[in-house]
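The values are calculated or read from the model by the stated rules, or taken from the named source; none is laboratory data. This structure is a prediction, so every number in the text was calculated from the model and none was measured. Note: accessible area is taken over every heavy atom of the protein model, side chains too, but ligands, DNA and RNA are not part of it. Shrake-Rupley method; radii C 1.70, N 1.55, O 1.52, S 1.80 Å.
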Amino acid sequence: MTVDEMRAIIGAGPDVPDAEVIVRYGALEAAKADRGLPIEEVRGQVRLERTNSSEDSYLSLLIPAAIRAVRNEVGRPIDLSSDDPDNDVFRVAVLLLIGHWFDTRAPVAVGSQSYELPFTVSFLLNPVPRKWVC
């Protein structure tokens with residue numbers, strides 16, 4: 001795709017530098033490629049009853065944040081609804097992050113045993129080839 005085609009898609013005028021057009025187009029494509037998880041699947045991960053929707057607004061914030069974190073870790077957009085062979089790994093990593101963030105809402109836990117979930121997520125994602133830099 002040419003820079004002029006990207007410019008037309010994002011609606012940038014000729015005064016916008018080519019480098020900025022490429023960055024904006026990349027951000028648009030990344031946003032379109034990031035697909036979420038059904039809230040029901042996320043409720044299951046955090047062990048909420050299907051009828052309990054009291055935490056849905058918070059879970060709705062966590063879903064795109066976890067997808068973005070995984071996307072940034074692997075350096076490419078992820079679309080959990082596509083047939084990407086890495087989607088099982090992405091889905092597990094996203095669900096692990098959501099479960100951890102749901103259970104641990106403060107940055108520091110006093111008086112509890114410490115553990116490092118991000119290592120688990122990194123362990124899952126490190127073998128995934130990097131295909132795109134954001």
Segment R68-E40, extension gain: residue separation times 0.36 nm, minus the distance between their alpha carbons:
8.1 nm
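Multiply the residue separation of A8 and D56 by 0.36 nm, subtract the distance between their alpha-carbon atoms, and state the gained length in nm to one decimal. Please list the in-between numbers first.
Values: separation 48, 0.36 × 48 = 17.28 nm, distance 3.73 nm.
Taking A8 through D56 to full extension adds about 13.6 nm, to one decimal.
What number comes out for accessible area per residue over region 62-105 if the probe is 1.4 Å? Units Å², please. If you can, show how the numbers build up before the last one.
Values: 1920 Å² over 44 residues.
About 44 Å² of surface per residue is accessible.
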Any residue on another chain or 5+ positions along whose placed amide H is under 5 Å from the amide H of L80 is listed here as R35
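Quick one: ranking T2, T104 by accessible area, 1.4 Å probe, largest first, what do you get? Don't skip to the end; give the middle numbers.
Details: T2 75, T104 50 Å².
Descending order: T2, T104.
E49 to V16: extension gain in nm, 0.36 nm per residue of separation minus the Cα-Cα distance? Numbers along the way, then the final one.
Working: separation 33, 0.36 × 33 = 11.88 nm, distance 5.00 nm.
In short, 6.9 nm is gained.
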